[in-house]
1. Which order do Arg284, Arg119 take by accessible area at a 1.4 Å probe, largest first?
2. May I ask for the net charge around Trp163, where only other residues with Cβ less than 15 Å from the Cβ of Trp163 are counted and Lys, Arg are +1 while Asp, Glu are -1?
3. Using the crude model of +1 on Lys and Arg Cβ and -1 on Asp and Glu Cβ, and no other charge, please compute the dipole size for segment 202-311 relative to its Cα centre, in debye to 20.
4. What does the charge dipole of the chain about its Cα centre add up to, to the nearest 20 debye, if the Cβ of each Lys and Arg holds +1 and the Cβ of each Asp and Glu holds -1?
5. Given H placed on each backbone N at 1.01 Å, which residues far from Val184 in sequence or on other chains put an amide H within less than 5 Å of it?
6. Spelling out what I want: for every residue of segment 230-239, take phi, set θ = phi - 60°, compute 6.51 cos²θ - 1.76 cosθ + 1.60 (Karplus), and round to whole Hz; glycine and proline get x.
7. In the chain, if the dipole is taken from +1 on Lys/Arg beta carbons and -1 on Asp/Glu beta carbons about the Cα centre, which of Ala328, Gly72, Phe111 is farthest to the positive end?
8. At 1.4 Å probe size, with every protein chain present, just tell me what the per residue accessible area of the chain comes to in Å².
Amino acid sequence: MPFIPHSPEEVREMLSVIGVQSIEDLFVDIPAEMRPRSFELPLGLSEMQVLAKMEEMAARNRTDVVSFLGGGFYSHHIPAAVDALVSRGEFYTAYTPYQPEASQGTLQAIFEYQTAVCRLLDMDCANASVYDGGSAIFEAMMMAVRATKRRKLVIDEAVSPIWRTMLASYTSNLSLDLVTVPQVDGRSDMAALKAAVDTGCAAVVVQNPNFFGVVEDFTDLFAHAKSQKAASVISVYPVMQSVLKTPGEMGADIAVAEGQSLGQPLSFGGPYLGIMTCTKDMVRQMPGRIVGRTNDTEGRTGYVLTLQAREQHIRRAKATSNICSNQALCALRTLVHLCLLGPEGLIRTAELSMERARYAMERLTAIAGVRPLNTAPFGNEFAVRLPIPAFEAVDRLTARGYVPGFPVGRYYAGMDDVLLVACTEKNSFEQVGILAEMLGGIL
């Protein structure tokens, strides 16, 4: 029997306090067409019949396509050992590590994860992770607001539009001034970003590579932010950090990332994890859990939650965040994945992905009417303009088993003809060649 913590009377009492009549009233903002639909299961079906119906519906998902989708989430190879190791019972069952005497294994795993991501991003400190890349950016912004006591945040439009939508939603009731600086043909407008960062600014938020795949060096921008006593927040693609200039080298105060590309399958959208790192000066603003290494009274190494003294979990109004948990199993997958690949394996993954992307750029731009959106450096992802709407190209090729990329016009006005193409080490030269032939055939 499922656990139901509230009686009908308690539910009615809670609804009356917030001024609504029913639970259904809580969802009036969600259009009817976007709400879950019925599974259309007749009453009285046996377990076997229900299972067969569910399997039939699940089979409608297309998992047999060749995909060049990216936009912040990437299909990298995951060694089989990742699943084998994280499926061990002690990792599956361990949960809240409040009591260090009973949670040394979990705490050590989190500590090792924090160490690994600090080294990857070249930053001083990390927490045990937050929900995803978007929530990590939001928490980074709030760290800057608390540290500077300012309310203005400058955000590059080349930051993922999905995450910018999350930021707008999360901050809608916080009286913050979010200033979005337009991108120019997929590139960050450095001069405009600098001009927007002034003495009233809490933080500037950028992404590298940005949503269009463009690689930038934000060193000068971050130095300018520092001169204005504003924080520098950067979101990165962690696989590419093995070959690109790191946030630490650029002088970032807070570096975050969507950790999906490090050992997490795409899984129709999650669960993923948000990687959060910062400088030592900002660590006391860090939300969530932080695990530290120490010695007990007999000099033995031990691991404990540190710096926050349970403030996050109990002192609600004074907590730095409403996040007091972490994506422990996803963080463990990231740690195992990084350990299995090692520095050389991660670099090899990045280089193979970039190699495929350059071949794809060469083949696609050789098609009449297809041209690059810009000439900026890129990693494993790039944007091209097509002579037809990108949505049309995606629809026609997906029906034939190839997803050619992401139609950027969904989020950016005037870019209906822009297609964002991503490659990983899983995309072969042959697949790229077939994609080029198929795209050329419909243009």
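1. Arg119, Arg284
2. -3
3. Approximately 280 debye in magnitude.
4. 800
5. Asp189
6. 9, 8, 10, 10, 10, 9, 10, 9, x, 4
7. Working it through, the farthest residue towards the positive pole turns out to be Phe111.
8. Heavy-atom SASA per residue in the chain reads 50 Å².
The values are calculated or read from the model by the stated rules, or taken from the named source; none is laboratory data. No experiment lies behind these values; they were computed from the predicted model shown. Quick reminder, even Gly has a Cβ in these numbers, built from the backbone with ideal geometry, and neighbours come from all protein chains shown. Calculation scope for accessible area: heavy atoms of the full protein, side chains included, ligands and nucleic acids excluded. Shrake-Rupley method; radii C 1.70, N 1.55, O 1.52, S 1.80 Å.
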